[in-house]
Amino acid sequence: MSSYIAIDWGSTNLRAWYYRHGQLIDERRSEAGVTRLEGRTPLQVFNTVTADWPVNDLPVVMAGMVGSNAGWLSVPYLPCPVSLDQLASHLTRVEQRAWIVPGLKVSREDNYNIIRGEETQLLGASELAPSSLYVMPGTHAKWVVSQQKQIVDFRTVMTGEMHHLLLKHALIGAGLPQQKQHPEAFRAGLITGSNDSTIIARLFEVRARHVLGALAQSAVSDYLSGLLIGHEVASQLRHFNSKAPLTLIAGKALAHRYQQAFELQGVSITVLDGDDAFQQGIRSIAHELAN
């Protein structure tokens with residue numbers, strides 16, 4: 001299907017694309033994520049964002065937190081192991097306006113996890129840059145084990161959220177000036193985090209370093225980022241017992257940071273832009289929906 005409307009509707013933002021015959025006709029963005037509706041209903045936001053688009057004539061496929069229990073409609077999670085090819089056959093219709101892609105879940109005593117939104121990127125990645133292990137950095141980073149197009153298992157690491165909380169709501173960030181880019185500080189944190197399994201014991205040292213003059217106050221954010229990312233990558237590679245090449249699905253800035261962490265571990269990666277993965281995934285689902 002080369003004509004369709006795709007919507008990536010997350011917690012804080014919404015992005016929409018209108019394609020006709022494979023060509024991008026229009027793209028729109030909104031800050032009306034599902035947690036920022038400000039009194040509006042999801043349907044009202046949908047109508048505003050897609051105004052003047054042929055929503056009644058083309059498939060409209062939505063992914064992300066719009067399908068969560070805080071979104072437009074709570075859409076079930078598909079249990080893993082699951083083939084990504086099943087996504088298109090498990091869409092949920094909402095108010096005769098659009099289809100919502102299901103999330104994925106793992107429910108075992110040793111691992112309770114959920115994915116909402118990343119499954120669409122994974123479908124695209126399985127076609128553009130297939131791998132047995134996908135890494136998806138972000139607020140809640142995902143590490144996903146795959147066999148062909150089947151998602152076998154995945155873990156979530158709250159690296160991005162931990163960075164925000166520690167910097168904004170903990171003693172580590174108290175009284176700091178505006179933060180600046182400090183590649184050397186990031187690298188130093190990365191090395192420490194990559195080589196030390198006791199990350200909790202290292203966190204207070206972030207504050208002690210700048211108090212004692214070993215770290216510039218404006219470099220605390222980058223040092224902390226390196227510490228957390230280095231620890232995430234080293235610990236998850238140990239968990240999955242993997243040194244094989246993998247696919248990193250991320251935007252340019254995060255990809256550059258994670259690339260450095262993987263280089264320290266001697267792991268080769270293929271970088272795939274998150275938007276490219278999402279668009280390929282939605283395109284595949286829209287094609288199946290039309291058939």
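Under the rule of at least 5 residues apart or a separate chain, name every residue whose amide H is placed under 5 Å from the amide H of Gly251.
Under 5 Å from the amide H of Gly251 lie the amide H atoms of Gly274, each far enough along the sequence or on another chain.
From the Cα trace of the stretch 197-291, what convex hull volume per residue do you get, rounded to a whole Å³?
Values: hull volume 12.8 nm³, N = 95.
Normalising the Cα hull of the stretch 197-291 by residue number yields 134 Å³.
Farthest toward the dipole's positive end in the stretch 199-291, which of Ala208, Ile269, Gln236, given Cβ charges of +1 (Lys, Arg) and -1 (Asp, Glu) about the Cα centre?
It is Ala208, whose Cα lies furthest towards the positive end.
Go through the stretch 27-76 and name the GluC sites (Glu not before Pro) that are in a DSSP coil and have 10 or fewer other Cβ atoms within 10 Å of their Cβ.
Glu31, Glu38
Would you mind checking which residues have amide H under 5 Å from Arg97's amide H? H placed 1.01 Å from N; only 5 or more apart, or other chain.
HN-HN under 5 Å from Arg97: empty list.
Take every DSSP beta bridge with both residues inside the chain and express the antiparallel ones as a percent of the total, to the nearest 5.
DSSP beta bridges in the chain are roughly 70 percent antiparallel.
Taking the Cα-to-Cβ direction at Val271 and at Thr198 and moving 7 Å from each Cα, how far apart do the two end points lie in nm?
Between Val271 and Thr198, the label points sit 3.5 nm apart.
Output the antiparallel fraction of DSSP beta bridges having both residues in the stretch 1-97, as a percent to the nearest 5.
75
Calculated from DSSP H runs of 4 or more alone, at -39500 (n - 2.57) each and per residue, what is the 222 nm mean residue ellipticity of the chain, nearest 500?
On the way: 8 runs with 108 residues, N = 291.
The per-residue figure over the chain is -12000 deg cm²/dmol.
What list of ³J(HN,Hα) values in whole Hz, one per residue of the stretch 218-230 in order, does the Karplus curve 6.51 cos²θ - 1.76 cosθ + 1.60 (θ = phi - 60°) give from phi, with Gly and Pro shown as x?
6, 9, 4, 4, 5, 5, 4, 4, x, 4, 6, 5, x
Mind checking which aspartates and glutamates have their Cα closer than 14 Å to the Cα of Lys252? Skip sequence neighbours fewer than 8 apart in that chain.
Cα-Cα hits under 14 Å: Asp273, Asp275, Asp276.
Relative to the first principal axis of the alpha-carbon coordinates of the chain, what is the inclination of helix 199-211, with its axis defined by its Cα atoms, in degrees from 0 to 90 and to the nearest 10?
Value to nearest ten degrees: 60.
Excluding residues on the same chain fewer than 8 positions from Lys149, give the lysines whose Cα lies under 24 Å from its Cα.
Qualifying lysines at Cα under 24 Å: Lys105, Lys243.
Just the ratio, please: alpha-carbon radius of gyration of the stretch 244-291 over 2.2 N^0.38 Å, N its number of residues.
1.48
Over the stretch 43-142, what is the relative contact order in percent, taking alpha-carbon pairs closer than 8 angstrom and at least six residues apart?
24
Set the Förster radius R0 to 41 Å, insert the Cβ-Cβ distance between Leu171 and Arg40 as r into 1/(1 + (r/R0)^6), and round the FRET efficiency to 0.05. Write down the numbers at each step before the final one.
Details: r = 38 Å, r/R0 = 0.93.
So the FRET efficiency works out to roughly 0.60.
How big is D, in µm² s⁻¹, for the stretch 130-204 by Stokes-Einstein at 25 °C and 0.890 mPa s if Rh is the Kirkwood radius over C-alpha pairs?
D = 166 µm²/s.
What is the gain in length, in nm to one decimal, between Gln259 and His21 on full extension, counting 0.36 nm per residue of separation less the C-alpha to C-alpha distance?
Length difference between fully extended and current span is 82.1 nm.
Mind giving me the FRET efficiency for Val55 and Ile114? R0 is 35 Å, r the Cβ-Cβ distance, nearest 0.05 is fine.
0.75
From Cα coordinates alone, what are the radius of gyration and Dmax values for the stretch 1-142 in angstrom?
15.3, 49
Hey, rough spin-label estimate for Val152 and Gln181, points 7 angstrom out along Cα→Cβ, what's it come to in nanometres?
So the two model labels end up 3.9 nm from each other.
Using +1 at the Cβ of each Lys and Arg and -1 at the Cβ of each Asp and Glu in the stretch 119-274, identify which of Leu248, Leu171, Ile199 lies farthest towards the dipole's positive end.
Comparing the listed Cα positions along the dipole, Leu171 ranks first.
With θ set to phi - 60°, apply the Karplus curve 6.51 cos²θ - 1.76 cosθ + 1.60 along the stretch 79-90 and write out the HN-Hα couplings as whole Hz, x wherever there is a Gly or Pro.
After applying 6.51 cos²θ - 1.76 cosθ + 1.60, I find x, 8, x, 8, 7, 5, 5, 7, 4, 5, 8, 10 Hz.
Two decimals is fine: what's Rg over Rh for the chain, C-alpha atoms, Kirkwood radius as Rh?
1.00
FYI, it's all coordinate maths here, none of it is from the lab. Everything numeric in this text was worked out from a predicted model, so none of it was measured. All Cβ positions, glycine included, derive from the backbone under ideal geometry; neighbour counts span all protein chains shown.
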